[in-house]
Each structure stands twice: as C-alpha cells, then as structure tokens.
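Just below is one structure, and these are the notes that go with it.
The values are calculated or read from the model by the stated rules, or taken from the named source; none is laboratory data. These figures come from a predicted structure and were not determined experimentally. Glycine gets a Cβ as well: all are built from the backbone with ideal geometry, and neighbour counts include every protein chain shown.
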Amino acid sequence: MNFEGTIVAAHGRQYRVELADGETLLCFPRGKKSELACGDHVSVQRSGDAVGVISSVAPRSTLLYRSNLFKQKLIAANVTQIIVVVATEPSFSDELVTRCIVAAESQDMKALIILNKCDLSDRVAPAIPTLAPFEKLGYTVLRLSAHADADALLPYLSGQTSVLVGQSGMGKSTLTNALVPDANAPTREISEALDSGKHTTTHATLYRLDANSALIDSPGLQEFGLLHLSPKAIEHGFLELRPLLGQCRFRNCCHDREPNCAVHAAVKSGDIDPRRYAAFRSLCTEVG
Ligand code: GDP
Ligand code: ZN
C-alpha cells in the first residue's frame, strides 16, 4: 500500500517522510540514484516499523539547487520563498546574496533578506550600504536579532513554504529555534563547545509553522554555483536588467564590452550598481 507524504529531512540517502497523519517514517529511495530534496512530495511503501521505501516523487512546483562542474546539490523542493540570512558579523558576501536571489528569481520564488544580529548595534551601520542595492531593487531587508526577537519575520512566513539559506555562522539555526520552539536546531556554540562539526546543520529540515506555512533550515553554504542556469535565466534573475533587455545594439549582447550596450550605459550612469554588475558578469563567465 502506498502512502503520500512530504520529505521533512534529507540526510544523504536517508529521508524522513511525514505522512498525512503526522507519523514520520525513515525512508530510502528505491533504486541507486537518489535525487530528492526536503519539501518533496513522495509516495512511500512501508517496509517495517517506522521505515519505508520511496517509490515515486510528485512533480515539483519549484526546485532550488546549486551546481558546479563536479556536482549538483538539491537544497529544497516546492518552496515559495527564499530567505537569505546575512549578519552584521561575521562579514558576508554580497555576491552570494545575489546568487541566492538569482536562483530564486529563476524559479519565480519570492526573495527576502534578513540582516541578523542587529543587537550588535555598532556593527549595523557598516552592513547597510552593502544591502542598499537590494533594497533599491525592492527586496525587503529585515533587520532583526534572532537572539532578541524574531517576530518581525512572522508576517512574511504566513502562507509560504520558506527556506533559510546563507553562509554558516549567520544565525539560521538560531532563527529557526526562535521561530519553532521545539526545533532544537543545533547552533554553533554547541559545536564549538564539543569541538566537532557534528552539531552544525548538516542537512535540510522542514518545520511546520501552521497548516499553511512551513520553514526549511538548510546547511550553510560558502558558494552557490548556478551552472545549470541558461544565460537568459541569469539575465532574468537580475531585476534591474529586465527593462534593458533587447535595447543593446547586438541582439546576442553579453553586456561585457560590446559597443552600444544598454546595460553598460546603465552601469556608467549609476543606474545599475557596479557590484551587482560584477556579480552578473561573474555568473555569465561561469555558465559561459
Ligand atoms: P548558522 O550557521 O547560520 O545556523 O548560525 P547559528 O545559528 O549556529 O549562529 C552562529 C552564531 O551566531 C552563534 O554563536 C549564535 O549564538 C550567534 N547568533 C545568532 N543569532 C544572533 C543574534 O541575533 N545576535 C548575536 N549577537 N548573535 C547571534
Ligand atoms: Zn548589452
């Protein structure tokens, strides 16, 4: 007999699947190759007490993943919103933020940025200019402190399946614990105390917030390869480029050094932020 369920934890080839009645089964995929992600809707067959085999996966509304020349890594399936978590310290990469957002735009997901650790008040001001280009484009940048109060995030989570992404150390797990009281997501202090990597987030976990909202905590990432995206998808991922597309002299303009390039002109006039443009070029070179 088949049961329908949702993958609520993805750990290597082991998946925890939550069935409609709330029961969870530890499941393995049928066959060798497993390309499943947290958030996937699957059919499972029981193979014993609290264990099962995943027999099929339903078509996904969205799939967030990263890829480079060597591997591709699924992050989450069927999410509607990506929440990029950065912090006042340690310093973060704005190019990584852009890459997360491009991944989101390529799947028509909403994107939201959190500047965490705003309780470190003297560290807030230096982080603001780095995030200003994103705010100017219309992305919400929520300033909060997961230690103090994460409630400002609640209205944005309502009705969404959101995934928290970002470099490790930014406070994703602390945020998860603040929002989901019984999550017990391992945070950095614990791992430092035990001096092992075991207690940081190593796999994605889905938490139910209410009947219509869920939150997925994902492992920290230092890079976000987007080799799977087409040059068109990358252009589309930059909101500020969209109105300019088709206005360059050459139809196949790469917006690099071509003459009469509308994008270049916008960078020159200050309409496009130079760091966003640099991130765009870096992505173009990567998929080039
Ligand atoms: P993750 O790797 O993104 O999951 O980050 P963690 O949640 O493990 O947090 C990394 C470190 O930042 C831990 O020492 C947390 O206690 C600390 N941290 C998280 N949120 C805040 C915050 O709002 N303020 C301050 N001051 N520290 C925080
Ligand atoms: Zn151009």
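Counting only residues that are more than 9 Å from ligand 2 (Cβ to nearest atom) and part of a helix (DSSP H, G or I), which one in the range 252-278 is surrounded by the most Cβ atoms within 10 Å (Cβ to Cβ)?
Arg276
Scanning for something surrounded by 21 or more Cβ atoms within 10 Å (Cβ to Cβ) and not in a helix (DSSP H, G or I), does the range 120-135 turn up at least one residue?
No, there is no match, as no residue in the range 120-135 is surrounded by 21 or more Cβ atoms within 10 Å (Cβ to Cβ) and not in a helix (DSSP H, G or I).
How many of the residues making up the range 84-100 are of a type in the set (S, T, N, Q) and surrounded by fewer than 20 Cβ atoms within 10 Å (Cβ to Cβ)?
Residues of the range 84-100 of a type in the set (S, T, N, Q): 88, 91, 93, 98.
Now drop any that are not surrounded by fewer than 20 Cβ atoms within 10 Å (Cβ to Cβ), which leaves 91, 93.
Adding up the residues that qualify gives 2.
Which condition number does Leu175 fail, the rest of (1) surrounded by 16 or more Cβ atoms within 10 Å (Cβ to Cβ); (2) at pLDDT below 95; (3) out of contact with any Phe, Trp or Tyr (no Cβ under 8 Å at 6 or more places or on another chain) being met?
Exception for Leu175: condition (2).
With the structure loaded, tell me whether Ser121 is touching a helix residue (DSSP H, G or I) at 6+ places or on another chain (Cβ under 6 Å), farther than 14 Å from Val85 by Cβ and not aliphatic (A, V, I, L, M) or whether it fails that test.
Against the criterion (touching a helix residue (DSSP H, G or I) at 6+ places or on another chain (Cβ under 6 Å), farther than 14 Å from Val85 by Cβ and not aliphatic (A, V, I, L, M)), Ser121 does not qualify.
Consider the range 215-236. How many of its residues are over 14 Å from the mean Cα position of the chain (by Cα) and either in a loop (DSSP other than H, G, I, E, B) or surrounded by 17 or more Cβ atoms within 10 Å (Cβ to Cβ) (or both)?
Total meeting the criteria: 8.
Considering only the range 68-106, how many residues are assigned to a strand (DSSP E or B) and farther than 25 Å from Gln160 by Cα?
Total meeting the criteria: 1.
Quick one: count up the residues across the range 7-33 that are more than 18 Å from Ala214 (Cα to Cα) and crowded, with 17+ Cβ neighbours inside 10 Å.
Counting residues in the range 7-33 that are more than 18 Å from Ala214 (Cα to Cα) and crowded, with 17+ Cβ neighbours inside 10 Å gives 3.
Could you please tell me which pairs satisfy a Cβ distance under 9 Å, a separation of 6+ or placement on different chains, a first residue in the range 58-71 that is under 17 Å from Cys38 (Cβ atoms), and a second residue that is in a loop (DSSP other than H, G, I, E, B) and of a type in the set (Phe, Trp, Tyr)?
Arg66/Phe224
Can you tell me which residue within the range 82-115, out of those that are without any contact (Cβ under 8 Å) to a residue 60 or more places away in the chain and over 12 Å from the mean Cα position of the chain (by Cα), is farthest from Ala127 (Cα to Cα)?
Asp108
This table checks each residue for (1) of a type in the set (Phe, Trp, Tyr); (2) modelled with pLDDT of 95 or more.
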position	(1), (2)
Val8	no, yes
Leu25	no, yes
Gly31	no, no
Asp49	no, no
Tyr65	yes, no
Asn68	no, no
Ala87	no, yes
Val97	no, yes
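Report whether or not Thr140 is out of contact with any Cys (no Cβ under 8 Å at 6 or more places or on another chain), β-branched (Val, Ile, Thr) and more than 16 Å from ligand 2 (Cβ to nearest atom).
Yes.
Can you work out which of the residues in the range 136-156 that are in a loop (DSSP other than H, G, I, E, B) and buried (at least 17 other Cβ atoms within 10 Å of the Cβ) is nearest to ligand 1 (Cβ to nearest atom)? Quick ask: steps written out before the conclusion?
The initial filter retains those residues of the range 136-156 that are in a loop (DSSP other than H, G, I, E, B), namely 137-139, 144, 146-148, 150.
Now drop any that are not buried (at least 17 other Cβ atoms within 10 Å of the Cβ), which leaves 139, 144, 146, 150.
On the way: Tyr139: 19, Leu144: 7, Ala146: 4, Ala150: 8 Å.
Here the answer is Ala146.
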